[in-house]
1. Pick out, from Tyr73, Val407, Pro367, the residue whose Cα sits farthest towards the positive end of the charge dipole of the chain, with +1 on the Cβ of Lys and Arg and -1 on the Cβ of Asp and Glu.
2. Fewest Cβ neighbours within 10 Å first, please rank Val102, Val361 accordingly.
3. Add -39500 (n - 2.57) for each DSSP H run of 4 or more in the chain, then divide by its residues: what number comes out at 222 nm, to the nearest 500 deg cm²/dmol?
4. Given +1 on the Cβ of Lys and Arg, -1 on the Cβ of Asp and Glu, and no further charges, what dipole in debye does the chain carry about its Cα centre, rounded to the nearest 20?
5. Pick from Tyr405, Tyr22, Tyr53: which residue has the top mean-square fluctuation in a GNM of the chain where Cα pairs under 10 Å get a spring?
6. Which Cα, out of Met83, Tyr22, Leu109, lies furthest along the positive dipole direction of the stretch 9-116 (beta carbon charges, K/R +1, D/E -1)?
7. For the stretch 60-104 and the stretch 271-345, what is the separation of their Cα centres, given in Å?
8. If we count every other residue with Cβ under 12 angstrom of Gln166's Cβ, Lys/Arg +1 and Asp/Glu -1, where does the sum land?
Amino acid sequence: MDLFEKLPLKPGPLGMHGDDSYGYYMFPKLEGEIGPRMKFRGKTKLIWSLNNYLGLANHPEVKKADADAAAQYGMAYPMGARMMSGNSNFHEQLERELAEFVGKEDAILLNYGYQGMVSAIECLVDRHDVIVYDAESHACIVDGVRLHLGKRFAFKHNDVENLEIQLKRASKLVEGTGGAILVITEGVFGMTGAQGKLKDIIDLKSKYNFRLFVDDAHGFGTMGKTGAGTHEEQNVIEGVDIYFGTFAKSMAGIGGFIASIKPVVKHLRYNIRSQIFAKSLPMPMVIGAIKRLELLKAKPELKAKLWENVRALQNGLKEAGFNIGVTTTPVTPVVLNGTIPEATALTHDLRENYDIFCSIVVYPVVPKGMIILRLIPTAAHTLDDVKETIKAFSEVREKLNSGKYAVDSIVAMAE
Ligand SMILES: Cc1ncc(COP(=O)(O)O)c(C=O)c1O
């Protein structure tokens, strides 16, 4: 069979809805200044789907730093990979400042969080080593584990007892191979808002020999007293051996970093394929990230406002009888029951008649029959935004429960 004939027959679980959804449920275009009110299809909506946690995306100092750096250096400089010709004092300054902020000796920049994570996992272990990872890990962890040439064991999501079972199996295995064990989990799980049980995992180090790698994409900037992350929140800065953060969320930029002790970062610098064989971050991204980090540290009021909104939203939803699952972080899932067509009808109603824009999550990301509306509160939202949203959510829940959204197929909205 010809490959090009075959591909349309396998559109995938999301692509199968593409023709009805493009530009609306999937690939929507939000226009205007990044913030809680943006235009969607020409009309202003209240936006709850951007990970602009601290509201830095539009901060005047951030925009100025980005623009000045772009004017001075352009987007090309420095050319080449870090190791060859793409290094600069600013890249190294940012690494030092990130490491210090998250409580580690050193850090390495990543061009993209996702590809950096994939590549770092592959780089840290060899075929004699065993990876033990949370079964509901982000796709970048799953992909990194796929590249690993040795054994891997998934432990049940956030289940420390099950982790211990897997650690026993892994320990037995490495006795034979002479390898080591790497445990990987997340600081904040991006769909449910649950925190990884870092403290309990680290407690297991007294019984098993392993190192812990934490993807804290959602925790960096939002969790802990200073915003350093979930390891700070749980008071286990030392116990997290390797820490990953992205610039794509709290920092409202692009890129990421991994921080650890010096020899581990050195190993990554000379071996991580996604950075050695790819162009380094452009200067405006680096100088922009330095500015963002400076503000993140200097303006604790941004995190305080984020958390004021988080509490108002989550408490308000709970008081209104909504199930928001197990979140203890800004990520706010609202769990409802219904089919995929119902989910699209509800979303359509929310967007068109209540002017509220949030992300929906349905099967296969969550079990069949479950609908999750995921809200990301930010420092830029107001308490009135929260009130407006809870009122609208109560109304659409009423309609969902009384069968008003019971349609047979998804509401076609493609442009
Ligand atoms: C848990 C987690 N890890 C990694 C990433 C990837 O980060 P980036 O967007 O910087 O590639 C994300 C972003 O969606 C994430 O949520």
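Readers should treat all values here as calculations from the given coordinates under stated rules, not as data from a laboratory. As the structure is a prediction and not an experimental result, all values here were calculated from the model. Ideal geometry is used to build each Cβ from the backbone, glycine not excepted, and the neighbour counts take in all protein chains shown.
1. Most positive-ward Cα: Tyr73.
2. On the way: Val102 26, Val361 15.
Going from sparsest to densest Cβ surroundings: Val361, Val102.
3. Values: 16 runs with 172 residues, N = 415.
Value at 222 nm, helices only: -12500 deg cm²/dmol.
4. On the way: 49 positive and 49 negative charges, 66 e Å.
Dipole size: approximately 320 debye.
5. Tyr22
6. Among Met83, Tyr22, Leu109, the one farthest towards the positive end of the dipole of the stretch 9-116 is Tyr22.
7. One Cα centre to the other: 23 Å.
8. Details: positive: Lys151, Arg152, Lys156, Lys168, Arg169, Lys172; negative: Asp134, Asp159, Glu161, Glu164.
Around Gln166, the surrounding residues sum to +2.
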